[in-house]
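Enquirer: Take a look at this one; I'll ask things after.
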Amino acid sequence: MSKKEIPYKIYLTENELPKEWYNVRADMRTDHRPLLNPVTHKPVTLSELEPVFCTELAKQELNDTDAFIEIPKEVRDFYKMYRPSPLVRAYCLEKYLDTPAEIYYKFEGNNTSGSHKLNSAIAQAYYAKEQGLKGVTTETGAGQWGTALSMACGYFGLDLTVYMVRCSYEQKPQRRTLMQVYGAKVIPSPSDTTEVGRKMLAEFPDSSGSLGTAISEAVEVAVKGNGTRYVLGSVLNQVVLHQSVIGLESKTAMEKYDVYPDMVIGCAGGGSNLGGLMAPFMRDKLQGKESPYFIAVEPMSCPSLTRGKFAYDYCDTGKVTPLAKMYTLGSSFMPAPTHAGGLRYHGMSPILSQLYHDGYLDEARAVSQVDVFKAAVEFARVEGILPAPESSHAIKVAMDEARKCKETGEKKVILFGLTGTGYFDLISYERYLKGELKDAVPTDEALAKGENALPEV
Ligand SMILES: *Cc1c(COP(=O)(O)O)cnc(C)c1O
């Protein structure tokens, strides 16, 4: 317990911004399962990744030896426009829950794109620009990644084509406009602009789309294009690396008040925000210095950690990306169109997957959409911030844990990631308030189908 009085918000100064990202893979005592070529099933080489990814990012993807990697000055300068982000002591939530627990959240929603995704978007756009590329392509689910990348590409003057999962494209037209303001071209996926998309439409004309399909489309266009590469907003090692700024800042801020988390909680879509938040604390755990308890929270509708299999799988539906060893529901799994689009992905970051498999990431918990919105509304009423539905998965579990502390009297220090704001999710909030939201939990049959379609490696 700390002795100094802790303010509502712990801000860092510009000088305290991290100068290096932390690469947790360097400290993991495990045999890193390499990415495999989707055709030969041999470990991918840098030269095989280069047609798809920017060279510097491909190097980061394969790097499992350097614990710290310098953040380029241009990226740090951009970070200064919206970082350091505040670490909030949730006094009002603690009071509302009447808990002896100390609750902290790292708020990543204070930039126009509204989420943590900008942390990696600006880095990826920078490396593309440095390499002299003309533009990049990507996919977006709920739209947060597409918006973040639009801002980053707008800043560096790069062309950007975004394949947006159709159900989000229809649910969130304002997201599309926001991306267009920053200069991006936005196409609903599946589309007739790619081979993968046309195939999908022929088979499922009413498909509401998935991140996996949108990824295939974006990769296809990047590889066929001239001077274009593909960039991805989560899952990959390079993205977890960039997101480590979240954890590094959190740790520095907590250290100022001699606080250390007993518990670190994050929502997990592709796993990059939680991977980033927990990174420096995981380092302590890997080095045997501290033993914080880590919880990944996922939606019941897309339960890759809690009900998936740890296996090699494609990162996309079209099977054009390398195979990654990860917890997966199978690349053919189509999650229901829930209101947390950013968590609708069939797989999980290979880093998080390995840490979970090895027992360092202690627990994965799947929660119901209705419970998540209930927690989101309670949180909004006491802490003021309107949380994104994705972030609210972490809120829900943090609140559950704080309530447990009330029963046991434990003064646990709980840190969770508040990844973004929910202004573009008001239709979802409206449906929740009207009592129209339901949970779409996949049947064992549906999961078995996905699992059976896993590639044999
Ligand atoms: C994309 C997104 C997530 C999911 O993040 P991952 O890093 O893929 O786990 C969570 N919250 C918000 C607000 C998002 O936009």
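The values are calculated or read from the model by the stated rules, or taken from the named source; none is laboratory data. These numbers were taken from a predicted model, which means no experiment stands behind them. Methodologically, a virtual Cβ is constructed for each residue, glycine included, from the backbone with ideal geometry; neighbour enumeration extends over all protein chains shown. Quick note on the areas: whole protein, heavy atoms, side chains included, nothing else; ligands and nucleic acids left out. Shrake-Rupley method; radii C 1.70, N 1.55, O 1.52, S 1.80 Å.
Enquirer: Inspect all residues belonging to segment 277-296 and state whether any of them is in contact with a Ser or Thr (Cβ under 9 Å, 6 or more places away or on another chain), within 15 Å of the ligand (Cβ to nearest atom) and not small (Gly, Ala, Ser).
Expert: Yes, that holds for at least one residue.
Enquirer: While we're here: Identify all residues within segment 109-164 that are touching a residue at least 40 places away in the same chain (Cβ under 8 Å), within 12 Å of the ligand (Cβ to nearest atom) and of a type in the set (Val, Ile, Thr); write none if there are none.
Expert: Answer for segment 109-164, where residues must be touching a residue at least 40 places away in the same chain (Cβ under 8 Å), within 12 Å of the ligand (Cβ to nearest atom) and of a type in the set (Val, Ile, Thr): just Thr140.
Enquirer: Could I ask something else about it? Within segment 412-428, is even one residue in contact with a helix residue (DSSP H, G or I) (Cβ under 8 Å, 6 or more places away or on another chain), of a type in the set (Phe, Trp, Tyr) and not in a helix (DSSP H, G or I)?
Expert: yes
Enquirer: Counting only residues that are open to solvent by less than 70 Å² (accessible area, probe 1.4 Å), outside any loop (DSSP other than H, G, I, E, B) and in contact (Cβ under 8 Å) with a residue 40 or more places away in the chain, how many does segment 63-80 have?
Expert: Summing the residues that are open to solvent by less than 70 Å² (accessible area, probe 1.4 Å), outside any loop (DSSP other than H, G, I, E, B) and in contact (Cβ under 8 Å) with a residue 40 or more places away in the chain in segment 63-80 gives 5.
Enquirer: When you scan segment 301-328, how many residues do you find that are in a loop (DSSP other than H, G, I, E, B) and more than 17 Å from the chain's Cα centre (by Cα)?
Expert: Summing the residues that are in a loop (DSSP other than H, G, I, E, B) and more than 17 Å from the chain's Cα centre (by Cα) in segment 301-328 gives 7.
This table checks each residue for (1) open to solvent by 50 Å² or more (accessible area, probe 1.4 Å); (2) away from the ligand (no atom under 16 Å from the Cβ); (3) under 20 Å from Tyr127 (Cα atoms).
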| site | (1), (2), (3) |
| --- | --- |
| Pro188 | no, yes, no |
| Thr194 | no, yes, no |
| Val245 | no, no, yes |
| Ser250 | no, no, no |
| Met254 | no, yes, no |
| Ala268 | no, no, no |
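Enquirer: Restricting to segment 117-161, give me the number of residues that are at pLDDT 95 or above, over 19 Å from Thr228 (Cβ atoms) and open to solvent by less than 10 Å² (accessible area, probe 1.4 Å).
Expert: Counting residues in segment 117-161 that are at pLDDT 95 or above, over 19 Å from Thr228 (Cβ atoms) and open to solvent by less than 10 Å² (accessible area, probe 1.4 Å) gives 3.
Enquirer: If the requirement is being under 24 Å from Ser207 (Cα atoms) and assigned to a helix (DSSP H, G or I), which of these qualifies: Cys153, Cys167?
Expert: Testing whether each residue is under 24 Å from Ser207 (Cα atoms) and assigned to a helix (DSSP H, G or I) leaves just Cys167.
Enquirer: Now, a different point. Scan segment 197-243 residue by residue and report those that are β-branched (Val, Ile, Thr) and either at positive phi or within 16 Å of the ligand (Cβ to nearest atom) (or both).
Expert: Ile215, Val231, Val235, Val239, Val240
Rundown of residues vs (1) farther than 18 Å from Cys302 by Cβ; (2) within 20 Å of the chain's Cα centre (by Cα); (3) open to solvent by 40 Å² or more (accessible area, probe 1.4 Å), yes/no style:
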position: Val372; (1), (2), (3): no, yes, no
position: Pro389; (1), (2), (3): no, yes, no
position: Ser392; (1), (2), (3): no, yes, no
position: Ala402; (1), (2), (3): yes, no, no
position: Lys406; (1), (2), (3): yes, no, yes
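Enquirer: Residue pairs, Cβ under 8 Å, 6 or more apart or interchain, first in segment 412-426 and free of Cβ contacts under 8 Å to residues at least 12 places away in the same chain and under 21 Å from Gln243 (Cβ atoms), second within 10 Å of the ligand (Cβ to nearest atom) and open to solvent by 10 Å² or more (accessible area, probe 1.4 Å). List them.
Expert: none
Enquirer: Open to solvent by less than 10 Å² (accessible area, probe 1.4 Å), in contact with a strand residue (DSSP E or B) (Cβ under 9 Å, 6 or more places away or on another chain), of a type outside the set (A, V, I, L, M) and modelled with pLDDT of 95 or more: does that describe Pro292?
Expert: yes
Enquirer: Oh, and also: Against the definition (small (Gly, Ala, Ser), touching a helix residue (DSSP H, G or I) at 6+ places or on another chain (Cβ under 9 Å), more than 25 Å from Arg25 (Cα to Cα) and touching a residue at least 40 places away in the same chain (Cβ under 8 Å)), how does Ala90 come out, yes or no?
Expert: Criteria met by Ala90.
Enquirer: Follow-up. Select from segment 351-370 the residues that are open to solvent by less than 30 Å² (accessible area, probe 1.4 Å) and assigned to a helix (DSSP H, G or I) and write down the one among them that is nearest to Thr421 (Cα to Cα).
Expert: Gln369
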